[in-house]
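Single-structure report; data block below.
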Amino acid sequence: MSRGNIRMTKAALILVLALLAGSQEPAQAEEKGWGFGTDLGFISGTTNNTVFALNFQADYYLAKEFSIGPMFQWVPSGDLKQYAFAGVARYHYEVNDRVNIVPFAGIGFIHADLSSSSVDRNDTSHYIPLGATFEYQVSPKLALANTVMLNLYDINFSPAPVRDTTSVAVFFGLRFRP
């Protein structure tokens, strides 16, 4: 990783930690707990164009409207194999009793491996997922979800056929609350 990537990763990590350390009212005991989600969808703008992807997440609810936890994004097929892992903070805004909007931001690392007839390269970089999930509550603990995400990173295959710095993902899935 270059010095610029390391500085950007440190700055983003400091920002996430500052957001987490910000003033939050103490949560009620019944609001805390683990939730999880799973998605499938597509990522466009990668070095291999649009690719199928899976997304997994876990959320620890510090309060009813705020959660933190890991997120794992996996591109399992085609010439591009990609693994991204990030710690993510989410704010759960309830529009009404059925609809939630959940903006999120995170920081982590991404590894990409491009293997085709002309190229066999891999690289690891910082990873900053930014996005929002739109949830429709089927029950108090289950929601249908649609996520739109901007992925920021700096994948540089050397010698580079293409430098890859951003992609956009659209996922559909389920969310389970505590």
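The values are calculated or read from the model by the stated rules, or taken from the named source; none is laboratory data. Every value quoted in this text rests on a predicted model; they were computed, and no experiment measured them. Here the Cβ is made from the backbone with ideal geometry for all residues, glycine too, and neighbour counts use every protein chain on show.
Some observations on this one:
One line per residue, one yes/no per condition, for (1) among the small types (G, A, S); (2) without any contact (Cβ under 8 Å) to a residue 40 or more places away in the chain:
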| position | (1), (2) |
| --- | --- |
| N100 | no, no |
| F104 | no, yes |
| A112 | yes, no |
| H126 | no, no |
| A145 | yes, no |
| Y153 | no, no |
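- Within the stretch 36-90, being among the basic types (K, R) and either within 16 Å of the chain's Cα centre (by Cα) or within 21 Å of N156 (Cα to Cα) (or both) holds for K81, R90.
- The listed residue being crowded, with 20+ Cβ neighbours inside 10 Å, of a type in the set (A, V, I, L, M) and at pLDDT 95 or above, out of A143, A132: A143
- Of the criteria (1) farther than 22 Å from G41 by Cβ; (2) assigned to a strand (DSSP E or B), which one D97 fails: (2)
- Looking across the stretch 52-90 at every residue that is part of a loop (DSSP other than H, G, I, E, B) and surrounded by fewer than 16 Cβ atoms within 10 Å (Cβ to Cβ), the one that is modelled with the highest pLDDT is identified as K64.
- Residues that are surrounded by fewer than 22 Cβ atoms within 10 Å (Cβ to Cβ), within 17 Å of S167 (Cα to Cα) and hydrophobic (A, V, I, L, M, F, W, C), drawn from the stretch 91-127: A105, F109
- Residue in the stretch 166-176 that is of a type in the set (F, W, Y) and surrounded by 22 or more Cβ atoms within 10 Å (Cβ to Cβ) present: yes
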